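The values are calculated or read from the model by the stated rules, or taken from the named source; none is laboratory data. Computed from a predicted model, the values in this text were never measured in an experiment. Cβ sites come from the backbone with ideal geometry, for glycine too, and all protein chains shown count toward neighbours.
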Amino acid sequence: MLEFDSVTKEFRVGAFGRLTITAVDDVSFRIAPGEIVSLIGESGSGKSTIGRMILRLTPATKGTIRFDGVDVSTLGRKELKEYYRHVQGVFQDPFSSFNPVFKADRVFEMLRSQFYPDRSGSEWEDRVAKAVEDVGLNPVQVLNRYPHQLSGGQLQRMLLARALLLDLRLLVADEVISMLDASTRVGVLNLLAELRERGLSILFITHDLALGYYISDRTIILRRGSIVEMGDTRRVFQDPRHPYTQTLLASVPQMEWRWRDRPVSAAVPVDGDGTGDAEPVTVLEEVEPGHWVAVS
Amino acid sequence: MSLRVEDLRVYYQTLEGEVKALDGVSFAIADGEIMGLAGESGCGKSTLAQSIVRLVPPMKLVGGVVELDGEKLPIDDFEAMNRHRMVGVSIVPQYAMSALNPTRKIGKLIKELLGARGISYRAKLPELENRLQLVGLPREVLDMYPIELSGGMKQRVVMVISTLLDPSLLIADEITSALDVSTQRAVAEMLVDFRDREIVKSMMVVTHDVSILYQIADSILIMYAGQPVESGPAEVITHAPRHPYTQLLVGSLPQVGVRYDEQPLSGIAGNPPGLIDPPSGCRFRPRCPFASERCESRPPLVEIGDGHSVACWKVMEEEDARV
Ligand SMILES: Nc1ncnc2c1ncn2[C@@H]1O[C@H](COP(=O)(O)OP(=O)(O)O)[C@@H](O)[C@H]1O
Ligand SMILES: Nc1ncnc2c1ncn2[C@@H]1O[C@H](COP(=O)(O)OP(=O)(O)O)[C@@H](O)[C@H]1O
Ligand code: SF4
Ligand SMILES: [Mg+2]
Ligand SMILES: [Mg+2]
């Protein structure tokens, strides 16, 4: 359904754009219908850039992104609108998607004027109410309210309901639950998993390995713009082959074993991982069916 | 005892009314102990952390006592607290990383901070360099501006600054929350290292993430809507909690090893109450699956096991039935 084919994204930065940052470096992967793929990496690894390229919010520098075999960079105005009926994004900070001076349900009205101008008032209202219920909200509690009267979890669900009003096939979910509390997180996570059961594909972007493990079928581990490991989620987590994946897994706080019983061998980088040099040039090698690991 | 907090009540004064952010909080931290403080956002964690070190309006001390190493802290007297800050008790506040003055180099910043306390920067420099080395930072960071440091480096700098005068108690508020996984582990383990080296005697580590506390804390205090609901050894709180809220909170935590298609988790229905007019009796009552009439009065925090205390009528009945 979605194909990412040798995609590279460079940003020009500095005075007169003299420097280039390679945010995404020759990345290839696919997402099949009804599949949740998690894209896991530390901050600056290029996750959001990949999501934004899929949503055509920024163009790729090299390579091709195809949806149903069609190169998305070639879509004209009309086709792009059709594309957005099927492909939508939801992002980390739900508050930034709402204008505080308008009631939160205005996002539904805007969607109608954009995509369904011929739908009548009451028929549309019924559809909105149904979509709101589908994401586990009570329409009476959330419609006709201002954003500040709703919680982050409620707003995030409203955005998901908005996406569901379209004929959605692929959802790019970029850190959608990192701002939510532990107790509300699970609700939104379970909702995504239920949507998948109804045939939706999801690119689940996160820096939190536990969340990726919980809902995804396949996992891509991204480091400094390159894929270091990719495969069936259970395999990648249970038998990680790349040292970077191993370090990440050793650093996740779990409640089954303590860090002090398993010291990390390599010194953990003081400055995080985002700022170093680009990964050395590597190729992905298939270590078992469907499980790929970067080797130099 | 390093820290003893008795029936602490701190309210925010707002136009809409008093926000009862801390409403009868009691606990103690022993010498050498790392106590973790957890709960959903808005339950009063930062208010508790702040009120022990800098209780300023719109916060108001309504009642209670805070004792550090046997001495009562004048927490509602900002001036009198100066004598205790950084020496007795030090805080790394939530968002400390972004609070560093961006126009000052790190060295200058520390110099000013020490100067204000009449301490010579020069005399402290060797120790400062030691501490930087301890957290894996080069001495060159002293000549850098905050913006030149990554999140993990800033968090280490803030940690070094707030412990430079060897405070008895360090309070760290969500210091690992904004960090990447590998940096998060390094910074969290650094806290343990500072305790092990006796740079600080005891710690209160605030986070919404119970699994981090399982890794580094000796004991955990769970708060709900401005009140403690359960406290005990980290092992007990994470693996054998008794309070319905703690059970739901721990049970709603995604963990590597738990999958939706094998073992779907359930969240906690509803939201925490507003604290201007919180529910009477047990504040968890509107969301508790076991609530009944008895819960209309506030359950006391009762010790039911070795250092394990719970505030819940249902648990008390179960305990009574056992004897
Ligand atoms: N608009 C932009 N201009 C310049 N650099 C950018 C821009 N967007 C992202 N980058 C850079 O690209 C890299 C990847 O960023 P991003 O995709 O946001 O990572 P992630 O979502 O994994 O944190 C980072 O080094 C970031 O600074
Ligand atoms: N400056 C303030 N004025 C009024 N209410 C506040 C203020 N700061 C926090 N509160 C309220 O006090 C309660 C506890 O907040 P806080 O201590 O920040 O919780 P936590 O750190 O656990 O998320 C919340 O209900 C919050 O809305
Ligand atoms: S006291 Fe009652 S309402 Fe409160 S947690 Fe216990 S059973 Fe639930
Ligand atoms: Mg991002
Ligand atoms: Mg807080």
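Taking only segment B:82-113 into account, find how many residues are basic (Lys, Arg) and assigned to a loop (DSSP other than H, G, I, E, B). Final tally of qualifying residues: 3.
For (1) more than 16 Å from ligand 1 (Cβ to nearest atom); (2) of a type outside the set (S, T, N, Q); (3) in a loop (DSSP other than H, G, I, E, B); (4) facing chain A (nearest Cβ under 8 Å), each residue gets a yes or a no:
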| residue | (1), (2), (3), (4) |
| --- | --- |
| B:Thr176 | yes, no, yes, no |
| B:Ser182 | no, no, no, yes |
| B:Phe194 | yes, yes, no, no |
| B:Thr238 | yes, no, no, yes |
| B:Val256 | yes, yes, yes, yes |
| B:Arg259 | yes, yes, yes, yes |
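Given the condition part of a loop (DSSP other than H, G, I, E, B) and within 14 Å of chain B (Cβ to nearest Cβ), answer yes or no: does some residue in segment A:61-78 qualify? Taking every residue of segment A:61-78 in turn, none turns out to be part of a loop (DSSP other than H, G, I, E, B) and within 14 Å of chain B (Cβ to nearest Cβ). Residues of segment A:35-47 that are modelled with pLDDT of 95 or more and either surrounded by fewer than 22 Cβ atoms within 10 Å (Cβ to Cβ) or within 16 Å of ligand 3 (Cβ to nearest atom) (or both): A:Glu35 alone. Tally time: how many residues in segment A:145-190 are within 17 Å of A:Ala129 (Cα to Cα) and part of a helix (DSSP H, G or I)? Number of matching residues: 11. Here A:Tyr244, A:Tyr213 are screened, and the one residue that is in a helix (DSSP H, G or I) and at pLDDT 95 or above is A:Tyr213.
Which of the residues that make up segment B:1-16 are more than 12 Å from B:Leu275 (Cα to Cα) and in contact (Cβ under 8 Å) with a residue 40 or more places away in the chain? If you could, list the steps in order and put the result at the bottom.
As a first pass, look at segment B:1-16 and keep what is more than 12 Å from B:Leu275 (Cα to Cα): B:1-9, B:15.
If the condition is that a residue be more than 12 Å from B:Leu275 (Cα to Cα) and in contact (Cβ under 8 Å) with a residue 40 or more places away in the chain, then B:Met1, B:Ser2, B:Leu3, B:Arg4, B:Val5, B:Glu6, B:Asp7, B:Leu8, B:Arg9 are the ones that fit.
Name every residue in segment B:30-43 that is surrounded by fewer than 23 Cβ atoms within 10 Å (Cβ to Cβ) and out of contact with any Asp or Glu (no Cβ under 6 Å at 6 or more places or on another chain), in order of residue number.
Taking segment B:30-43 as the starting set, the residues that turn out to be surrounded by fewer than 23 Cβ atoms within 10 Å (Cβ to Cβ) are B:30-33, B:40-42.
Those that are surrounded by fewer than 23 Cβ atoms within 10 Å (Cβ to Cβ) and out of contact with any Asp or Glu (no Cβ under 6 Å at 6 or more places or on another chain): B:Ala30, B:Asp31, B:Gly32, B:Gly42.
Need the failing condition index for B:Ser280 against (1) surrounded by 14 or more Cβ atoms within 10 Å (Cβ to Cβ); (2) part of a loop (DSSP other than H, G, I, E, B), just the number. If we test B:Ser280 against (1) surrounded by 14 or more Cβ atoms within 10 Å (Cβ to Cβ); (2) part of a loop (DSSP other than H, G, I, E, B), just (1) comes out false.
Given the criteria within 14 Å of B:Gly39 (Cα to Cα), touching a residue at least 40 places away in the same chain (Cβ under 8 Å) and more than 16 Å from ligand 2 (Cβ to nearest atom), does B:Pro244 qualify?
Numbers: within 14 Å of B:Gly39 (Cα to Cα): yes; touching a residue at least 40 places away in the same chain (Cβ under 8 Å): yes; more than 16 Å from ligand 2 (Cβ to nearest atom): yes.
When the stated conditions are applied, B:Pro244 passes them.
Of all the residues that make up segment A:207-230, how many are within 12 Å of another protein chain (Cβ to nearest Cβ) and surrounded by 22 or more Cβ atoms within 10 Å (Cβ to Cβ)? I'd like the intermediate steps shown before the answer.
At the first step, the residues of segment A:207-230 found to be within 12 Å of another protein chain (Cβ to nearest Cβ) are A:207-217, A:219, A:221, A:223.
Filter once more, so that each one left must be surrounded by 22 or more Cβ atoms within 10 Å (Cβ to Cβ): A:209, A:211-216, A:219, A:221, A:223.
Total meeting the criteria: 10.
For segment B:214-231, the count of residues that are more than 22 Å from B:Leu48 (Cβ to Cβ) and modelled with pLDDT of 95 or more is zero. Going by what's in this entry, would A:Leu159 be described as touching a residue at least 60 places away in the same chain (Cβ under 8 Å) and away from chain B (no Cβ under 14 Å)? Yes, satisfied. Check segment B:209-219 and report whether any residue there is more than 8 Å from every other protein chain (Cβ to nearest Cβ), buried (at least 21 other Cβ atoms within 10 Å of the Cβ) and assigned to a loop (DSSP other than H, G, I, E, B). Yes, that holds for at least one residue.
B:Arg298 satisfies every condition listed in (1) surrounded by fewer than 18 Cβ atoms within 10 Å (Cβ to Cβ); (2) within 19 Å of the chain's Cα centre (by Cα) except (2).
Going by the structure shown, is B:Tyr260 closer than 25 Å to B:Ile34 by Cβ and either among the aromatic types (Phe, Trp, Tyr) or in contact with a Gly (Cβ under 7 Å, 6 or more places away or on another chain) (or both)? No; evaluated as a whole, the condition is false for this residue.
Applying the set (1) more than 9 Å from chain A (Cβ to nearest Cβ); (2) farther than 25 Å from B:Gly36 by Cα to B:Glu230 leaves exactly one unmet item: (2).
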